[in-house]
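First up is the structure itself, then whatever we jot down about it.
The values are calculated or read from the model by the stated rules, or taken from the named source; none is laboratory data. All of these numbers come straight from a predicted model, not from anything done at the bench. Every residue, glycine among them, receives a Cβ derived from its backbone with ideal geometry; neighbour counts consider all protein chains shown.
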Amino acid sequence: MKTLLAYLALGLLLAVAETLLPSALATKPHLLLLLVMMLGVQQKIAVGGPAAWLLGCLQDSLSGTCLGLHGLVYLILYLSLRSVAGLLNRESPVLMLFLVISGTLLQALIMIFTLGFLAEHGTYWRQILAGLPAQVLVNLLAALFFLQASFLLHRARRRRPL
């Protein structure tokens, strides 16, 4: 339960940061997507599934248009990643970057498919696909930043005597 609450608190901070980023930026990083990718690699279904769904609903409540859309998308992403997580080297930073790229692409495909049932007009997919290359790049840069920050924090914690 503590792990779930910790992920939700971190998700709330990332969702607020993502919402408060300047609107002058053409493309903002999907910080909660990075957290869902980390959940898929590290957490079991009992914690990760509800956390992924709640993080998506949190994103929808702060900056979404269809309540529950990101919850469904993040849950599907989590479950698909969790199904192959046992076969992956969980410690590899290169794998995490690959997961961010593939997760961004899969998120766009799931969004297009889901909005096909929810949207009234069919031009939404053009907007999603037009912004996809920039979104992949921005998410990749954010993942690189977080990997570098976690490496520095891990190294600093290892140096500190107990």
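Name the pairs: first residue in segment 139-162 and on the phi < 0 side of the Ramachandran plot and modelled with pLDDT of 90 or more, second residue of a type outside the set (A, V, I, L, M) and surrounded by 12 or more Cβ atoms within 10 Å (Cβ to Cβ), Cβ to Cβ under 7 Å, at least 6 apart or on different chains?
Pairs found: 139/29; 139/30; 139/104; 142/29.
Working carefully through the options 103, 71, find the one that is out of contact with any Pro (no Cβ under 9 Å at 6 or more places or on another chain), under 22 Å from residue 141 (Cα atoms) and part of a helix (DSSP H, G or I).
Among 103, 71, only 103 is out of contact with any Pro (no Cβ under 9 Å at 6 or more places or on another chain), under 22 Å from residue 141 (Cα atoms) and part of a helix (DSSP H, G or I).
Taking the condition of being modelled with pLDDT under 90, assigned to a helix (DSSP H, G or I) and not hydroxyl-bearing (Ser, Thr, Tyr), how many residues in segment 1-34 meet it?
So the answer is 18.
Take the conditions aromatic (Phe, Trp, Tyr), over 22 Å from residue 59 (Cα atoms), in a helix (DSSP H, G or I) and without any contact (Cβ under 8 Å) to a residue 12 or more places away in the chain and apply them to residue 117. Does it pass?
Here the answer is no, as residue 117 does not meet what is asked.
Criterion first (over 14 Å from the mean Cα position of the chain (by Cα), at pLDDT below 90 and surrounded by fewer than 19 Cβ atoms within 10 Å (Cβ to Cβ)) does residue 127 satisfy it?
In short, yes.
Among the residues that make up segment 85-96, is at least one of them assigned to a helix (DSSP H, G or I) and within 18 Å of residue 135 (Cβ to Cβ)?
Yes, the conditions are met somewhere in segment 85-96.
Among the residues of segment 54-102, count how many are without any contact (Cβ under 8 Å) to a residue 24 or more places away in the chain and over 20 Å from residue 29 (Cβ atoms).
9
Can you find even one residue in segment 6-22 that is without any contact (Cβ under 8 Å) to a residue 40 or more places away in the chain and farther than 19 Å from residue 139 by Cβ?
Looking through segment 6-22, at least one residue is without any contact (Cβ under 8 Å) to a residue 40 or more places away in the chain and farther than 19 Å from residue 139 by Cβ.
Taking segment 126-153 only, how many residues are in contact with a helix residue (DSSP H, G or I) (Cβ under 6 Å, 6 or more places away or on another chain) and either of a type in the set (Val, Ile, Thr) or not in a helix (DSSP H, G or I) (or both)?
Within segment 126-153, residues that are in contact with a helix residue (DSSP H, G or I) (Cβ under 6 Å, 6 or more places away or on another chain) and either of a type in the set (Val, Ile, Thr) or not in a helix (DSSP H, G or I) (or both) number 2.
For segment 107-116, check the following and say yes or no: at least one residue is aromatic (Phe, Trp, Tyr) and loosely packed, with under 12 Cβ neighbours inside 10 Å.
no
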